[in-house]
Structures are given as structure tokens and as C-alpha cells.
Amino acid sequence: MSPRSPLLAGLLLALSAFFSASTAVGAAPLKALLITGGCCHNYAFQAQALTEGVNQTVAVQWTVINEGGRGTRAQIPLYDNPDWAKGYDVVVHNECFADTADEGYIRRIVAGHGKGGTPAVVIHCAMHSYRAATIDDWREFLGVTSRRHDHQSRYPVKVVAPEHPALAGFKPDWVTPMDELYIIEKVWPKTTVLAVSPSERDAKEHAVVWTNDYLGTRVFGTTYGHSDDTFRDPTFIDLLTRGLLWAAGRR
Ligand SMILES: [Zn+2]
């Protein structure tokens, strides 16, 4: 068939109309930036499990930054650029640099999510990153303050906001694989707690899934995500997928 065939031309026209209609209703792939690396976790594996797991159900075009080594202190070159978050629909923070305390560096990171900035998903040790800093900018962005965790165990997850669009339809009786319970010292005022787990030490319930409104930017967080087994759990991948979609304004 010649490329000039009216049949083929008609088909191409129909296809192009179909794809522009799909784009118009929001079916274009999400552009996501995953920032990972640092201490205490198998981040190469987690990055693979997260990106491949999410893409089972949602079309996401990932950019993965795994820099800074495996220590507790690093400043990665990405954040040298004040526009580092521009051009992405959502940024996923799954990094672990507790002893990095440089205030200018931390403020440049947070500024990427400030007013009119890029939405975020924050996972596990992101909550203990920049823990050594005296400024609270990062913790206000996260929506929770945590500085320590309980022992590893399999923790039951109680959904407390089942109607919230980020969790509507989520498995109601999930028990995590072996993971750490982060002790939440403070829930910031713009945070909505979506699920909690009890400490095995004193039965106190701690937020384990939440959303935050950071200067008008959506943030979705979970303190789970320590072990490889958690990242192998389809329910955890489902949780992150929901969080990603909600943060990016797709639900
Ligand atoms: Zn951990």
C-alpha cells in the first residue's frame, strides 16, 4: 500500500485524533522524578521495584537520581539548580541523609515544592533526612516531624480516612511486611492523617500515611518502606501508586 493511499491517510488522521483526545483527558504519561540513595536501605532494588511496580498500572515516565552514596551525609548536584523540580508532574523522595544540615541546601530542595511548585511523594527515610538541621523547613514540607523509630515488626495499618480520594478503595486490613514504625512527634497543621499503626511498646498510634498541603502543593507521605519485602508487597506498591496519582492531581 502506498503511503499516499486514502485509506492509510484516513487511518492516520483517525489515530492522531484519538491520541490528541486521549491527551486532552489526561492520559499522557506522568513525568516523575525519583530521588533516592543514602544510608541503611537497598535503594537500587527499591527504585526498580517502585518504578516497575507503579508502571504495571499507570503510565509513568521516570527519571531516577540515585546519588550521594550510602552514608548519612551528602549534597547531590541535582539541587544546585534552583529549578531542579521544574518540568515534572511529581517528585518522589526516597532518600536517607539524616546528617546533612546545610540550611541553604535544604531550603533549595523545599523551594522546589513551595508555592506553585511540584507535588511530592515522601517515603520512609525521607522523614529522617535532614534530621540534624535546626531549621524546620523540610519537616513542614513533609507534614510530620519524626526523629526515631520503633523496632522492626509486621505492623497493622488502620485506615482512618477511608473516603479520602488518595485512599478510597485501599485494602482496609493491611499488615506490613517487616518494617519500622516511625515515631511521629508532631503532625503539622495542614496535614491530614489517612492511616495509623500502633506502637508495640506503648500502643500509641502513629500516622503512617498522610497528605499535606504545603503552601498549596500536594504532598503524600508514608513512613513505611524500610525493607525489600515491603517493596515486594503489591499492597505497598498500590499505596504508592495511589499517592503518586493523588499528588499529581489525577484523583
Ligand atoms: Zn529504615
As a quick test, which of the pairs K115/K190; K86/K171; K158/K190; K171/K204 have an alpha carbon distance above 24 angstrom in this structure? K86/K171
Could you compute the FRET efficiency for T235 and C40, with r as their C-beta to C-beta distance and R0 at 25 Å, rounded to 0.05? 0.65
Filter the GluC sites (Glu not before Pro) in region 119-203 down to the DSSP loop ones having no more than 12 other Cβ atoms within 10 Å, then list what survives. E163, E200
Highest GNM mean-square fluctuation among F45, F97, F220, for the chain with Cα springs under 10 Å, belongs to F45
Cα centre as origin, Lys/Arg/Asp/Glu Cβ charges: the chain dipole, Debye: 560
Can you tell me how region 162-214 classifies by the Cα gyration tensor, rounded, prolate or oblate, using a/c under 1.5 as the rounded cut? oblate
Once you put a point 7 Å from the Cα of T134 and another 7 Å from the Cα of R147, both along the Cβ direction, what distance in nm separates them? 1.4
Of P234, Y214, L30, which is farthest towards the positive pole of the chain's charge dipole, taken about the Cα centre with +1 and -1 on the beta-carbons of Lys, Arg and Asp, Glu respectively? L30
Given labels modelled 7 Å from the Cα in the Cβ direction, how far is it in nm from T57 to K190? 2.8
Would you mind calculating the relative contact order of region 95-184 from Cα pairs under 8 angstrom and at least 6 residues apart, reporting the percent as a whole number? 28
Restricted to the chain, the DSSP antiparallel beta bridge percent, nearest 5, is 50
Under a straight-distance cross-link criterion of Cα-Cα below 13 Å, which aspartates and glutamates are reachable from K186, leaving out those fewer than 8 residues away in the same chain? D136, E140, E205
Within region 165-239, which trypsin sites (Lys or Arg not before Pro) sit in a loop by DSSP and count at most 14 neighbouring Cβ atoms inside 10 Å? K190, R201, K204
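Only the coordinates and a few stated rules stand behind these numbers; no lab work does. Everything quoted here is computed from the prediction, not taken from an experiment. Cβ coordinates were reconstructed from backbone atoms using ideal geometry, including for glycine residues, and neighbour counts include every protein chain displayed.
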